[in-house]
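Peer 1: Starting off with a structure, shown below.
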Amino acid sequence: MRAVVYGRISTDLQSETSVNEQIRRCKQYVELKDWTLVDEFTDVGTGMNTDRSGFEEMMNRIDEWDVVVAFKLDRFHRSSTNAQVWAAKLNDIGKNFVALDIDVDTTSAMGMAVFRIITALNQMEVEVTQERTRMGLQGVKNEGRWVGKPPYGYDSIYSKTDNDKDKGLLKINQGEAEVVQMIFQLRDQEKSLGDIAEALTTAGILTKTKKTRWSTATIGDMIKRRGFYEGHYYDGDNHIQEYSWAKVLEG
């Protein structure tokens with residue numbers, strides 16, 4: 001099997017294993033496996049992207065080798081996502097790689113299985129982090145506080161006071177509240193989203209972001225939030241609760 005070795009040292013991590021030492025250990029592995037060493041490639045710099053001359057030359061000469069060996073998986077890519085995409089592309093064209101630090105050698109069935117497990121664990125970690133974020137946001141909502149930018153009809157109290165205890169608390173924007181009431185009145189009269197958007201645009205009423213033209217999507221989102229404008233939300237036990245601030249609509 002034809003092999004190349006790759007080493008990289010980050011400019012911000014000068015204490016890490018030297019490039020020469022990385023290459024030496026990789027060559028030892030190639031010799032142990034009785035593979036044919038084709039060439040060696042090195043870089044000094046970040047692994048967050050492929051803008052590295054040594055790495056690029058190695059990939060440009062991919063027809064000359066069957067497997068690439070590195071001392072650590074993050075020598076190929078510091079980002080686990082980039083590493084996974086790169087590894088998948090190699091696999092698609094029948095190429096392999098070795099990362100000595102985690103004992104991954106995709107030339108063997110066991111090595112490929114280990115890599116897939118590592119990939120799955122990395123993906124699970126990403127999903128768990130996302131779930132925790134969602135749960136954190138839901139927890140804030142369950143406390144009766146708004147998450148994100150205030151919706152049309154309301155202003156953020158925190159933006160005025162800069163007091164942490166006011167985060168997520170809203171107060172009515174009287175001018176916008178009147179527009180919200182008009183929107184729901186028109187909808188109750190069975191006006192279409194397009195009719196309502198056109199009416200607001202023609203009247204010269206600005207959106208929350210100061211745009212002169214209203215979209216049907218914006219109107220539709222507001223109508224879907226009728227419960228919110230009536231001051232209601234559901235807690236973690238799915239019980240209906242009322243926000244502490246004043247209502248734009250009477251339920």
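Peer 1: Restrict the check to the stretch 155-165 and report whether at least one residue is part of a helix (DSSP H, G or I), in contact (Cβ under 8 Å) with a residue 40 or more places away in the chain and surrounded by fewer than 18 Cβ atoms within 10 Å (Cβ to Cβ).
Peer 2: Looking through the stretch 155-165, none of the residues is part of a helix (DSSP H, G or I), in contact (Cβ under 8 Å) with a residue 40 or more places away in the chain and surrounded by fewer than 18 Cβ atoms within 10 Å (Cβ to Cβ).
Peer 1: Also, quick follow-up: Does any residue of the stretch 208-224 turn out to be more than 14 Å from V180 (Cα to Cα), charged (D, E, K, R) and more than 32 Å from the chain's Cα centre (by Cα)?
Peer 2: Taking every residue of the stretch 208-224 in turn, none turns out to be more than 14 Å from V180 (Cα to Cα), charged (D, E, K, R) and more than 32 Å from the chain's Cα centre (by Cα).
Peer 1: Looking only at residues in the stretch 1-17 that are modelled with pLDDT under 85 and part of a loop (DSSP other than H, G, I, E, B), which one is surrounded by the fewest Cβ atoms within 10 Å (Cβ to Cβ)?
Peer 2: Narrowing the stretch 1-17 to residues modelled with pLDDT under 85: 9-17.
Filter once more, so that each one left must be part of a loop (DSSP other than H, G, I, E, B): 10-17.
On the way: S10: 16, T11: 8, D12: 8, L13: 10, Q14: 9, S15: 6, E16: 16, T17: 16.
Within the stretch 1-17, the match that is surrounded by the fewest Cβ atoms within 10 Å (Cβ to Cβ) is S15.
Peer 1: Give the residue, chosen from I183, I205, that is touching a helix residue (DSSP H, G or I) at 6+ places or on another chain (Cβ under 7 Å), at pLDDT 90 or above, surrounded by 15 or more Cβ atoms within 10 Å (Cβ to Cβ) and outside any loop (DSSP other than H, G, I, E, B).
Peer 2: On the way: I205 fails: outside any loop (DSSP other than H, G, I, E, B).
I183 is the lone residue from the list that is touching a helix residue (DSSP H, G or I) at 6+ places or on another chain (Cβ under 7 Å), at pLDDT 90 or above, surrounded by 15 or more Cβ atoms within 10 Å (Cβ to Cβ) and outside any loop (DSSP other than H, G, I, E, B).
Peer 1: For K95, indicate whether it is out of contact with any Gly (no Cβ under 8 Å at 6 or more places or on another chain), modelled with pLDDT under 90 and of a type in the set (K, R). Don't jump to the end; show me each part of the working.
Peer 2: Details: out of contact with any Gly (no Cβ under 8 Å at 6 or more places or on another chain): yes; modelled with pLDDT under 90: no; of a type in the set (K, R): yes.
In short, no.
Peer 1: Do we find that E178 is under 17 Å from Y243 (Cβ atoms) and either of a type in the set (D, E) or modelled with pLDDT under 95 (or both) in this structure? Spell out the reasoning first.
Peer 2: Values: under 17 Å from Y243 (Cβ atoms): no; either of a type in the set (D, E) or modelled with pLDDT under 95 (or both): yes.
So E178 fails the test.
Peer 1: Would a scan of the stretch 41-49 turn up a residue that is in contact with a strand residue (DSSP E or B) (Cβ under 8 Å, 6 or more places away or on another chain) and modelled with pLDDT of 90 or more?
Peer 2: Just the residues of the stretch 41-49 that are in contact with a strand residue (DSSP E or B) (Cβ under 8 Å, 6 or more places away or on another chain), to begin with: 41-45, 47.
Checking the rest, the ones that are also modelled with pLDDT of 90 or more come to 41-42.
Yes, the conditions are met somewhere in the stretch 41-49.
The values are calculated or read from the model by the stated rules, or taken from the named source; none is laboratory data. Note that the structure is a prediction, hence the values are computed from the model and not measured. For neighbour counting, all protein chains shown are included, and Cβ atoms are generated from backbone atoms with ideal geometry for every residue, glycine included.
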